[in-house]
1. How much of S149 can a 1.4 Å solvent probe reach, expressed as accessible area in Å² and rounded to 10?
2. Students often forget the sequence filter, so: which aspartates and glutamates lie under 15 Å Cα-Cα from K36 once same-chain residues fewer than 8 apart are removed?
3. Could you pull out the trypsin sites (Lys or Arg not before Pro) across the range 1-105 that fall in loop regions by DSSP (anything but H, G, I, E, B) with no more than 15 other Cβ atoms inside 10 Å?
4. Within 15 Å, Cβ to Cβ, of V207, how many net charges do the neighbouring residues add up to if Lys/Arg are +1 and Asp/Glu are -1?
5. Given N residues in the chain, what is Rg(Cα) / (2.2 N^0.38 Å)?
6. Tabulate in residue order the Karplus-calculated ³J(HN,Hα) for the range 198-213, using 6.51 cos²θ - 1.76 cosθ + 1.60 with θ = phi - 60°, rounded to whole Hz; enter x for Gly and Pro.
7. Once the principal axes of the Cα atoms of the range 3-123 are found, what is the range along each, listed largest first in whole angstroms?
8. I'd like the accessible area for V51: 1.4 Å probe, protein heavy atoms, all chains in place, Å² to the nearest 10.
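The values are calculated or read from the model by the stated rules, or taken from the named source; none is laboratory data. Predicted model, so just to flag it, every value in this text is computed and none were measured. Glycine gets a Cβ as well: all are built from the backbone with ideal geometry, and neighbour counts include every protein chain shown. Areas reflect the complete protein model, heavy atoms only, side chains present, ligands, DNA and RNA absent. Shrake-Rupley method; radii C 1.70, N 1.55, O 1.52, S 1.80 Å.
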Amino acid sequence: MEMIDLLRKVPLFSELNEEELASIAALASSIEICKKSTVVQEFEPGDSMYVILDGEVKVSTYSVDGREVVLALLGKGSFFGEMSLLDEEPRSANVTTMVDSKFANIRRRDLVPLLLEQPAISLKLLKEIASRLRKTSRVLERISSMDVSHRLYAYLVDHCQRFSQQDHDGWYTTVLPTHQLLADQLSTSRETISRAISQLKKDGILVQREGRGQMRIDVETLEGMLDDF
Ligand code: CMP
C-alpha cells in the first residue's frame, strides 16, 4: 500500500485533505523493523518521530534496581518519539517492537512547519500527550496507594473497557498481555501476577476460554472490589 493510503488511516492526520496528506507522505520515510528490536534508545538524541503503520511497540525504561518498567504499549495508528522532536531533549524511554512492525518516520524539520500551519494536527498531538500524562499519573497513583491485586483489578477494568467488546451478559472477552508484561506495567514480579490471576480464576471472576488465549472477565465484580478498597 502507498504511504499516503497508510497515513490516511492514522488518527493524528485525520483532518488533513488529500493535498496535505500527500505533502506529509512525500516527507515521511517508511521503515520496517522486525520484532524485539530497539527503535528508539533512551538517553540518545532524537530529531524525528514515528507513526505506527503496522505492528505494536513497548515503551519502557529501567528502574534503579534494573527492573524494566513498561510505560505504555502502543499499536497501529499511534505514534512515539514526539517528545524529543518537540523539546530537543534526549529520548525519554526505550521503544522496542513487540511484533514485526512498519513505521513512517518524520523529521523535526519537516513536521514543525506542518504543526505551525495545521493547528488541527497540533491539537491532536497535544490531546494524545495529555491523555498519556493522565494515564501515567493514574498508574503512578495506583502504584503508590494500592496493593498488587487491586492494581491488577484496575488494569483489567481499563484494559477491557478500552480494548474489548462487552458480551451480552456484561462480561468482557479479551486477550491479556503475558504475565511478565503485566508485571512490568504494574511494578511487580511475574510470580505475583500469576498468583493473583490464579486467584481470580478460582473466584470465578476470570475464565479462560478454549483456544486463542482469550479470557472472559467479570468487570462489574472487579469494579465493586475496587470501590470497596
Ligand atoms: P521520546 O522521548 O522522543 O522517545 C521515547 C518515546 O516514548 C517518547 O518520545 C514518547 O513518544 C514515548 N513515551 C515516553 N513516556 C511515555 C509515557 N509515559 N506514556 C506513553 N508514551 C511515552
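1. Roughly 40 Å² of S149 is accessible to a 1.4 Å probe.
2. Reachable aspartates and glutamates: D54, E56, E68, D100.
3. Filter output for the range 1-105: K9, K35, K36, R67, K76.
4. That works out to -1.
5. 1.12
6. Calculated HN-Hα couplings, in order: 4, 5, 4, 5, 4, 7, x, 8, 10, 10, 6, 8, 4, x, 6, x Hz.
7. 49, 28, 20
8. Accessible surface of V51 is approximately 0 Å².
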